[in-house]
1. Can you list the residues, at least 5 places off or on another chain, whose amide H is less than 5 Å from the amide H of Ile239, using H built in the peptide plane?
2. Can you work out the FRET efficiency for the pair Arg16 and Tyr77, with r the C-beta to C-beta distance and R0 = 22 Å, to the nearest 0.05?
3. Looking at the stretch 229-269 from every direction and averaging, what is the projected area of its Cα convex hull in nm²?
4. Could you work out Rg/(2.2 N^0.38 Å) for the stretch 143-274, with Rg from alpha carbons only?
5. In whole Hz, what ³J(HN,Hα) sequence does the stretch 249-266 give by Karplus (6.51, -1.76, 1.60; θ = phi - 60°), x for Gly and Pro?
6. If packing is taken as the average count of other Cβ atoms within 10 Å, what order do 57-63, 264-270 fall into, highest mean first?
7. Roughly how many Å² is the accessible area per residue of the stretch 149-223, as a whole number, for a 1.4 Å probe?
8. Based on Cβ point charges of +1 for Lys and Arg and -1 for Asp and Glu, what charge dipole magnitude is obtained for the stretch 197-274 about its Cα centre, in debye rounded to the nearest 20?
Amino acid sequence: TLRPSFLEDKTEAWRRLIGMQLSKGGVGEAFETLERAKSQVLLGYLVNRESLRWAQEDAHSRILIEELEQLRGEHQYYYRLAHELPDELHSSPSSNLEQTLGEVRSRERRMRAITEQLYLRSGVGRSENPAPTPALEDIQHTLDKNTLLVEYYSDGRGWWAFTLDGERLQAHSLPVETAMLEQLQMQLRGNLGAALQLEPGSPACRSLTRHAQRILQRFYNWLFAPLARELHGKSRLVIVPYGDLHALPFHLLHDGHSYLIEQCEVVVLPAAGL
């Protein structure tokens, strides 16, 4: 339950590790690091889901949940105080380290006790530890000869695409920057919002459709055209978005002649390991 809050400010560390691996040609290592990072995010969602399942109808449970949230904040403070460098948090002298660790342990004991009570009151059994992130070879074994997996990644400035089939993994640097992608996504959202206010089949709606196709073609040129060789002959795409791309309707990407969903089956997953 403490892992998601610990990882909140670790994104830059993941990015630097992936960047170092890509610069050294370690495509497989970069792919698996990205999947590990995504598995941590998914774990955070699962933890939040468990919290939402706790019964909050009675006053006693609500009091326990409020106390648990307060303890989590205090635990994080004392944990950082004990483990980070003194000048980073103006922490107490080393002579007080054992006292600080005692504060950490006492809150962990109370948090564990509260969590047990909440599980019992809600009738929710203990969740097992999550399975480890599948290895690259394990993911490859699930892909038949007609399937291509495309996983996207951004380092905050530029974009990459990992393509994976049953035989090989490749990394492609894409001809788009983050700012360009964000701007085009705003245009697409504005276009769709305007279209929803119009009568289907009206001249204005047809005009917006043509404009949307031009926008979607630019997305296609950035995200799929560089992968043309890998896409050739594939009838099924498994797409794993990243960041803002989770809001992009990949099925609607347009190559100038047809939509992507008219060319092949499209499956979208939050992580390749799923």
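1. Val150, Val267, Val268, Leu269
2. 0.25
3. One quarter of the hull surface, i.e. the mean projection, equals 3.2 nm².
4. 1.09
5. Once rounded to whole Hz, the list reads x, 4, 4, 8, 4, 10, 9, x, 10, 8, 7, 4, 5, 7, 9, 6, 6, 10.
6. The densest-packed peptide leads the list: 264-270, 57-63.
7. For the stretch 149-223, the per-residue accessible area is 53 Å².
8. So the dipole magnitude of the stretch 197-274 works out to roughly 180 debye.
The values are calculated or read from the model by the stated rules, or taken from the named source; none is laboratory data. Keep in mind that what you see is a predicted model, and the values were worked out from it rather than measured. In this analysis, Cβ positions are derived from the backbone assuming ideal geometry, glycine residues included, and neighbour counts consider all displayed protein chains. Surface areas here come from the heavy atoms of the whole protein model, side chains and all, with no ligands, DNA or RNA. Shrake-Rupley method; radii C 1.70, N 1.55, O 1.52, S 1.80 Å.
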